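Beneath this line is the structure, given in structure tokens, with notes to follow.
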Amino acid sequence: MAVSVPGYSPSFKRPPEVVRLRRKRPRDHGTAVSSALPEPALRRAALAAGLPLRPFPTAGGRGGATTTIARRNPFARLDNRPRVADEAPEEPLRGPQGAPGPLLDSNGENNLLWEEASHERTVTELSQSQQVTLSESDTWSSDGTELPVDWSIKTRLLFTSSQPFSWAEHLKAQEEAQGLVQHCRATEVTLPQSIPDPKLSTVLRCAFQQTLVYWLHPAFSWLPLFPRIGADRKMAAKTSPWSTDESLQHALMSDWSVSFTSLYNLLKTKLCPYFYVCSYQFTVLFRAAGLAGSSVITALITPTTRGLREAMKSEGIEFSLPLLEESGHKEKVREPSLESEEEQAVSDEDEEESLSWLEEIGVQDQIKKPDLISVKLRKEKHEVQMDHRPESVVLVKGLNTFKLLNFLINCKSLVATSGAQAGLPPTLLSPVAFRGASMQMLKARSINVKTQALFGYRDKFSLEITGPVMPHALHSVAMLLRSSQRGSFSAGLYAHEPTAVFNVGLPLDKELDRKGAHKDLANCGLHPKTLEQLSQMPVLGKSSLRNVEMSDYIVNWRS
């Protein structure tokens, strides 16, 4: 039973009444304007006779003083911005100066003909306007025939070309087996600059199969193990028998420690170029000496928190914050020692002396002296603010990477204790095989569609690759497409955003001997051209490659 509230009147209205209210608009001189409007037939006759006429007043104008402003079609251009006076029209308007036609000056008929003309525009014009908009908003960079090194992990690659990708699908059993063998034996495949018929090229198809292979630990067919950051929702409905079984968790962690140690030993002996450790909170990139312009082993961790950095300091791990150093706030955290304790004591004494002038003027009791806790929090405020941000990326170099290995193996917060990822060790991703690893394949599929062109339809071909695409795979696929697509293709790259900061530049201790580094890393399982690219200094900073376009074997890219 409804209870009436005093003083409350809902005043419900039916839909027709609401529409009627919205149609009513204030008009000051509606009668005068309507009487002053010439008939469309009269204006049509005057235009046919070539007589100059004033613009037809707006139907909703006030006092008849407002001139007609043609309503712009929002679908005419993708940038969807109003046209300014200085901007040239997209096509010449038919009017009194041109050939006489059925174009009228009345507002309603103007809009009708404008919309009919806009519907006649083709998809090609829309695509051209989209390219113009993108080129105006973002700048493309050219690096000759090679891409810059990108250390972020890509989740999806979408290549488009005017040449078909039919060679990348339905591999024969022999070609698939040959590609796997070539990967395991690190066979170097050299393709010509252009392949006349890629679909009949067995070498190309085997090399493509070789490029799609990567190694993973742990591996569960029903559970996606990359990405791990923010993947609780995807893993929520999956079965995880180890979440409540402590003995199973201990067994998984023991196997993971063996695989992690095996990867680090391969990295130290330069038989593995790099690998990733993906936990539910952060990602670690280990790189061998000679890569990214560094002469020693490096490890980058992102994102980090103040608690993690404090735990690393307590374990004696020296690290730096490269993004803060680039911005001018140089900060290097060293192992706690007696010198640091003495410096802290001296700073405390300086703070006490700086407040001694209050006693001289006799107001020391009236002014509250800041306690040590508030002073410490004020000093560490900037460290807390950069938590979970790209600026919190941590760089560990040299022998400290071995300390980091032991720290991660024994770190209790490395594995989630609750949620969908409870008890699951971090994911290890590597371009080469290691102990306990499982061979996995990136998923690739080609799609052929027809797009509307100026004269009929034309074929457009695309190739989509999904999965954890590591830097070497991106470069290898680009080399294959350079030959198969005759040096012309475009690509959209979708990165796992927390790993984009791995492209930050590293401070160099000395000039790296690249020839010697390539010789030492010759057995790491990568193609020599890919190895040469990975040895370059990163130039992308906190961003990653977003779009790549190759035309006549010249590469343009945008981050």
Are any residues in the stretch 412-437 among the charged types (D, E, K, R) and either part of a strand (DSSP E or B) or more than 22 Å from Met235 (Cβ to Cβ) (or both), and if so, which ones? Arg435
Taking the options Gln440, Gln452, name whichever one is in contact with a helix residue (DSSP H, G or I) (Cβ under 9 Å, 6 or more places away or on another chain) and either assigned to a strand (DSSP E or B) or more than 27 Å from Leu212 (Cβ to Cβ) (or both). Gln452
Long-range neighbours under 7 Å by Cβ, at least six apart or interchain, first residue in contact (Cβ under 8 Å) with a residue 12 or more places away in the chain within the stretch 157-170, second of a type outside the set (D, E, K, R) and loosely packed, with under 14 Cβ neighbours inside 10 Å: Pro164/Asn448
Would you please name the residue that is most open to solvent (accessible area, probe 1.4 Å), looking only at residues in the stretch 383-412 that are of a type in the set (S, T, N, Q) and within 17 Å of Lys268 (Cα to Cα)? Asn406
All-but-one check, Thr451 against (1) more than 26 Å from Pro196 (Cβ to Cβ); (2) open to solvent by 10 Å² or more (accessible area, probe 1.4 Å); (3) among the polar types (S, T, N, Q), failing number (1)
Subset of the stretch 167-182 [open to solvent by 30 Å² or more (accessible area, probe 1.4 Å) and not small (Gly, Ala, Ser)]: Glu169, His170, Leu171, Lys172, Gln174, Glu176, Gln178, Leu180, Val181
What residue, among those in the stretch 213-226 that are surrounded by 22 or more Cβ atoms within 10 Å (Cβ to Cβ) and at pLDDT 95 or above, is nearest to Ala177 (Cα to Cα)? Tyr214
A careful count of residues in the stretch 417-432 that are surrounded by fewer than 18 Cβ atoms within 10 Å (Cβ to Cβ) and not β-branched (Val, Ile, Thr) gives 3
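The values are calculated or read from the model by the stated rules, or taken from the named source; none is laboratory data. Since the structure is predicted, the reported quantities are computational estimates derived from the model, not experimental observations. For neighbour counting, all protein chains shown are included, and Cβ atoms are generated from backbone atoms with ideal geometry for every residue, glycine included. Protein only, heavy atoms only, side chains kept; ligands, DNA and RNA dropped before computing areas. Shrake-Rupley method; radii C 1.70, N 1.55, O 1.52, S 1.80 Å.
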